[in-house]
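Scroll down for the structure; my scribbles are underneath it.
The values are calculated or read from the model by the stated rules, or taken from the named source; none is laboratory data. The structure displayed is predicted, hence computed values, not measured ones. No Cβ is skipped: glycine too gets one built from the backbone with ideal geometry, and neighbour counts run over all protein chains shown. Calculation scope for accessible area: heavy atoms of the full protein, side chains included, ligands and nucleic acids excluded. Shrake-Rupley method; radii C 1.70, N 1.55, O 1.52, S 1.80 Å.
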Amino acid sequence: MSNIKKFFSKMKSEVKFARAGDGHRLNDPIPASTQRNTTAQACPQRNSQQNSDRSAAARAAAEAAQQRFQHQTSTQQTSTSRTADSVRRQAQRELEQEKALENQFQQALELKEHYFGNRQISIESSPVVDHSNFLFKCPDVFGEEVSLPYNELQQQIEETLRLQLDSEPLVAATLLFLTTNQKEQEKLNTGKEIICKYFDNIIANPDEDKYRRIRLQNKVYLEKVAPLKYALEFLQASGFFISDDQESIVYQDGSIEPLQLAQDTLMNGEPIQVQLDRNLKLFQPTKDRPSIPPVQLFPQDPLFYQSTVGDVLREKQRQKDLVEKEEMLRTKAMRERDQKSESNAQYKYTVLRIRMPNEMIMQMIFQANDSLSSLFDYLRSYCLVHDWLPFSLLSNADRRIYTSQDENAFTFNQCGLVPAAVLSFRWDEQALRDVQKQTPNFPADNFIKPEILANANRL
């Protein structure tokens, strides 16, 4: 802008000097040409008028150019101001959109926390079964006959394994180590890795004494291995001995074969698992008590709700399949069917009550990821008198009918029969009519085996 102003000033000066004519000294005689010019200026003539016209045109051109420059400058300033306002408005809109998205995200988190955040079911409000009557069994140790509450069964397993430490020290110590620490799987895996590292160092350097000694006050051992139950017993069963100064454990065997066997046993061993007992109960309503008592609370032991590795992998695959389905174009019927088949990972067990046509009610417990066929198989094998006759179960919640022929692939989670459900029992009508034609006196009203009826609870 300053350069343009200088340009206009210079142009004005040149026009002014051009109008003044040629320069001369004050004491010089006036040239004839100057006299002629003076005379010409004094007398209005045609040449003077032309010079005056040219000066006026130059001034007008300069003023017009300056006006154009000022208009251009003001336009640029206005455009810059408009651009700044537009940027501010755009930034404001983006901030508002970001805030709205943040609010939506927070609402989504709250909904997720409300419905799925707490994987453990509320003890105060969730209806399920009385812990004192919630039984487990361990077929690997005690067979099918022994059913005990969870904590009592775990104590029995631990005591039984401890009795085997003298006769089978390595196997018993390994099972004790894996079973008693299975509730803290991450810490157990870390401890296993450190112990295997001890073994690997001795196997790779059998002549190095520093690898054969583990200081009991070593930070890694003290923080990662020592807190695990029966870790020291396992190391002793592997060939380690406590030193005379009680400050370290030392591997004194000259052969490395015991370490290799112990490492293989540790890495391939599995903790002893307990199974949920079906805890079959039969309720027989009376005139005074026509309804069964409400289902009690879930057990409070954390392992009851703890998901296994298989549960996590199935949930991960379910989420992946769900994303793929959302990317597909589906009809309303397809979406409803997929929604019903989605797995509910919140519950691990479910309590089922089967209402018979004679108003008697059977109660039993299943894993939530068991298939419906396991329920039909259990009823045929343990409960029903006519185990060969087809039957169906009607859900009291959504009036859906389940049969053994078409529901084998569905789980209780997928059907929404968690954490508790009531199902109505009925024989297959067509099959029952065919049987009654052949056997007119067929006892269709006999449903439950006599040995189960003998243990019915009268209300």
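Residues in the stretch 147-161 that are modelled with pLDDT of 90 or more, out of contact with any Ser or Thr (no Cβ under 9 Å at 6 or more places or on another chain) and open to solvent by less than 30 Å² (accessible area, probe 1.4 Å): 0 in all. Considering the stretch 233-248, the residues that are open to solvent by less than 40 Å² (accessible area, probe 1.4 Å) and touching a strand residue (DSSP E or B) at 6+ places or on another chain (Cβ under 7 Å) include one that is nearest to LYS183 (Cα to Cα), namely LEU235.
Which residue out of TYR230, TYR221, TYR251 is of a type in the set (Phe, Trp, Tyr), open to solvent by less than 40 Å² (accessible area, probe 1.4 Å) and within 30 Å of VAL141 (Cα to Cα)? Matching residue, one of TYR230, TYR221, TYR251: TYR230.
Here the strands (runs of 3 or more DSSP E) wholly within the stretch 364-459 that include at least 1 residues being in contact with a strand residue (DSSP E or B) (Cβ under 8 Å, 6 or more places away or on another chain) and either of a type in the set (Asp, Glu) or under 22 Å from PHE134 (Cβ atoms) (or both) are 420-427. Within the bounds of the stretch 387-397, is there any residue that is touching a Lys or Arg at 6+ places or on another chain (Cβ under 7 Å), within 22 Å of ARG458 (Cα to Cα) and not basic (Lys, Arg)? So far as the stretch 387-397 goes, no, none of its residues is touching a Lys or Arg at 6+ places or on another chain (Cβ under 7 Å), within 22 Å of ARG458 (Cα to Cα) and not basic (Lys, Arg). Give me the residue from the stretch 425-442 that is touching a residue at least 12 places away in the same chain (Cβ under 8 Å) and within 19 Å of ASN358 (Cα to Cα) and, out of that set, surrounded by the fewest Cβ atoms within 10 Å (Cβ to Cβ). Only one residue fits best here, namely ARG426. Taking the condition more than 24 Å from ASN151 (Cβ to Cβ), surrounded by 16 or more Cβ atoms within 10 Å (Cβ to Cβ) and touching a helix residue (DSSP H, G or I) at 6+ places or on another chain (Cβ under 8 Å), does ILE194 pass? When the stated conditions are applied, ILE194 passes them.
Considering GLN263, GLN284, the condition of being modelled with pLDDT of 75 or more and either charged (D, E, K, R) or within 26 Å of ARG380 (Cβ to Cβ) (or both) is satisfied by GLN284 alone.
Against the conditions (1) modelled with pLDDT under 65; (2) among the hydrophobic types (A, V, I, L, M, F, W, C); (3) not in a loop (DSSP other than H, G, I, E, B), ALA345 satisfies every one except (3).
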